[in-house]
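Have a look at the structure below, then the notes.
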Amino acid sequence: MNAPLNPTAVRQQLYADMSPQHLTPLWEVLHALVPPQPASPCVPAHWRYADVRPFLMRAGEAITAEEAVRRVLILENPALRGQSAVTQSLYAGLQLILPGEVAPSHRHTQSALRFIVEGQGAYTAVDGERTTMHPGDFIITPSWTWHDHGSEADGPVVWLDGLDIPMVRFFDAGFAQNDTRKSQVVTRAEGTSYARYGHNMAPVRQDAPFGATSPIFSYPYERSREALEKLERDAPVDDWDGVKLRYIHPLTGGSPMPTMATFMQRLPPGFNGNPWRQTDGTVYSVVEGHGSVFVENAGQTQEFAFAPRDHFVIPSWHTARLRSQPGCVLFSYSDRPVQQALALHREERLS
Ligand code: GTQ
């Protein structure tokens with residue numbers, strides 16, 4: 001008679017025997033698959049511009065924009081190295097273009113946002129219209145539109161690229177093409193899209209030309225800043241966010257891109273915000289001023305003391321709070337519209 005096997009041995013034998021059939025037991029992984037709350041593999045991270053800029057400038061000497069196609073240093077989440085991801089769903093990178101250079105025209109199904117960090121006078125061209133970049137401008141490249149970047153500036157121009165690359169990769173839905181031309185032909189005067197859609201007005205007989213993506217290619221910093229300043233002066237300041245507005249698609253009121261939401265906020269001088277957490281991991285670009293973000297990570301609180309042009313990421317469901325002595329302005333983006341479309345987004349405001 002065989003000796004009775006203990007349950008552990010029975011199970012291990014079962015797993016081993018069925019493994020060649022590509023079968024695996026749920027009960028060994030259920031807890032991790034359906035966690036009681038999000039357990040992001042991402043970690044909070046901070047990229048000081050003072051540390052990053054020398055490498056960007058070295059990249060400018062090591063390769064041309066044309067040879068690189070896009071001369072970008074990717075901001076990789078330290079816990080996701082090798083994945084070109086700043087969160088599980090989002091990509092972030094800093095792109096450099098030097099005077100006289102062209103980043104050749106191509107298109108892809110990934111949506112892109114550009115947030116101008118340093119310099120001015122470079123342009124991006126989308127659908128036949130060029131947009132000149134200024135620090136703090138938020139610029140959109142809609143999915144599957146030809147786009148090239150160029151510079152007639154007299155110094156380096158650097159911007160933050162925010163793309164939905166990991167999300168599109170997750171869906172296995174990425175397509176891309178190179179244009180036959182280096183730069184696209186300009187067919188419209190600069191500023192026409194902003195004139196048509198950027199003033200709480202819209203053309204009488206034209207539907208959304210880019211569907212779910214905003215037809216405003218550039219949201220100028222001047223306008224956003226003006227709004228935040230007015231609200232800081234004349235309206236109640238939120239205890240968590242300071243003064244915060246979201247950018248909108250002017251024809252829908254929704255996010256400017258289907259996959260990414262973007263925000264601009266001003267923390268007034270002496271702001272000491274309450275903590276919050278939300279399921280959309282968020283990337284921040286510091287526009288003006290100094291401050292600190294405190295992020296809880298594995299039971300410990302990390303402080304990132306930030307300066308203008310710094311970048312930082314707060315992962316999903318990490319508790320964070322913001323503080324600024326002199327006051328500051330922050331731009332941010334996340335995958336919130338996707339989570340909202342899937343009825344997954346949650347936010348908790350703590351005190
Ligand atoms: O400018 O088209 O950072 O295609 C990554 C992929 C920028 C761009 C990036 C891209 C671009």
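Couple of notes before you dig in:
- When segment 10-62 is filtered for residues that are surrounded by 12 or more Cβ atoms within 10 Å (Cβ to Cβ) and aliphatic (A, V, I, L, M), the ones remaining, listed by number, are Leu14, Met18, Val43, Ala45, Val52, Leu56, Met57, Ala59.
- Boolean, Pro258 is surrounded by fewer than 23 Cβ atoms within 10 Å (Cβ to Cβ), touching a Pro at 6+ places or on another chain (Cβ under 7 Å) and modelled with pLDDT of 95 or more: yes
- Search result, residues across segment 319-351 that are touching a Gly at 6+ places or on another chain (Cβ under 8 Å), over 22 Å from Glu232 (Cα atoms) and not in a helix (DSSP H, G or I): Ser334, Asp335
- Test: Arg114 is within 10 Å of the ligand (Cβ to nearest atom), out of contact with any helix residue (DSSP H, G or I) (no Cβ under 8 Å at 6 or more places or on another chain) and either in a strand (DSSP E or B) or not acidic (Asp, Glu) (or both): yes
- Pair list, Cβ under 8 Å, 6 or more apart: segment 108-136 residue under 23 Å from Met167 (Cβ atoms) and among the aromatic types (Phe, Trp, Tyr), other residue assigned to a loop (DSSP other than H, G, I, E, B) and within 16 Å of the ligand (Cβ to nearest atom): Phe115/Asp137
- Of everything in segment 67-104 that is surrounded by fewer than 21 Cβ atoms within 10 Å (Cβ to Cβ) and among the polar types (S, T, N, Q), the residue that is nearest to the ligand (Cβ to nearest atom) is Ser84.
- Applying the criterion of at least 3 residues that are within 16 Å of the ligand (Cβ to nearest atom) and surrounded by fewer than 20 Cβ atoms within 10 Å (Cβ to Cβ) to the strands (runs of 3 or more DSSP E) found wholly in segment 135-214 leaves 176-178.
- Residues of segment 313-333 that turn out to be over 17 Å from Pro268 (Cβ atoms) and in contact with a Pro (Cβ under 7 Å, 6 or more places away or on another chain), as a count: 8
The values are calculated or read from the model by the stated rules, or taken from the named source; none is laboratory data. Predicted model only: the values in this text are computed from it and were never measured. With ideal geometry, Cβ positions are generated from the backbone for all residues, glycine too; neighbour counts draw on all protein chains shown.
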